[in-house]
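Worksheet for the structure shown next.
The numbers here are math on the coordinates, done by the rules we state, and not lab data. These numbers were taken from a predicted model, which means no experiment stands behind them. Cβ placement follows ideal geometry from the backbone for every residue including glycine, while neighbour counts extend to all protein chains displayed.
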Amino acid sequence: MKVLMIYCKHFGYQPTIKTLDMAEENAKAGTFQYIQAAFIQVEEEDMEKEGEVAKKLLKNLKWICGKNETNKRIVLHSFAHLSDSKASPEFTLDFFNKIDTRLTDSGYEVFQTPFGYFLDLQVDAPGFSLARVFKSL
C-alpha cells in the first residue's frame, strides 16, 4: 500500500468521468476546509495481508490527524497512481469502506471521494513539515 497524506486548508473535488461500471451513478462534488486528505493506493499484494495493512494505515492516519490538529476529520481518496501494482476495484472499495467504518467507530468524521471516477481536484496545502507525508506500508 502507498499513501500520500496531505493536510489541506481547502480540499475539493468534482466528478468528471465515470471509469468503473460498479461506481455509483450521479456522484456528487464535495468541498472541505482544514482537513486531512489521504491519497491511497491499495496494491495487489495487500489483498493477502489485509489485516496487517489496515492496522498500519489506521495507525498512520490517526497519527497524522493528531499532528496536524484536524479535529479528527479526514477524506479518503483512492489514488491509483502511486504504484504499478493495483488491487481489484472490488477489494479496494471494500477496504476503503472498512477503514471508513473503523475510523468512524473511533470518533473520526470520515469522507470518501467518489470511487470509480476521474475527479477535478482543488488542493490548497500549506508548506510546513507534516503537511505532506508519503508512506509505503
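Checking the Cα-Cα distances for Lys56/Lys98; Lys18/Lys49; Lys67/Lys135; Lys59/Lys98; Lys2/Lys62 against a 20 Å cut-off, the pairs over it are Lys18/Lys49.
For Lys86 and Thr31 in one chain, what is 0.36 nm times their gap in residues minus the Cα-Cα distance, to one decimal in nm? Extra length from Lys86 to Thr31 when fully extended: 17.1 nm. Measuring nothing but how far apart in sequence close Cα pairs (under 8 Å, 6+ apart) lie, relative to its length, the chain scores a relative contact order of 44 percent. Estimated from helices alone, the mean residue ellipticity of the chain at 222 nm is -8500 deg cm²/dmol (sum of -39500 (n - 2.57) over DSSP H runs with n ≥ 4, per residue).
In the stretch 1-125, the DSSP beta bridges split such that about 70 percent are antiparallel, to the nearest 5. Can you figure out the FRET efficiency of Ser136 with Asn97, using R₀ = 25 Å and their beta-carbon distance, to the nearest 0.05? For Ser136 and Asn97, the calculated efficiency is 0.65. Only one residue of Phe32, Tyr117, Asn97 has its Cα farthest out toward the positive end of the dipole of the stretch 10-137, where Lys and Arg carry +1 and Asp and Glu -1 on Cβ, and that residue is Phe32. For the chain, the normalised intensity computed at q = 0.15 Å⁻¹ comes to -0.69 (log10 of I(q)/I(0), Debye sum over alpha carbons, equal scatterers, no solvent). Taking amide hydrogens as placed 1.01 Å from N in the peptide plane, the amide H of Arg73 sits under 5 Å from those of Gln36, Glu109, each at least 5 positions away in sequence or on another chain.
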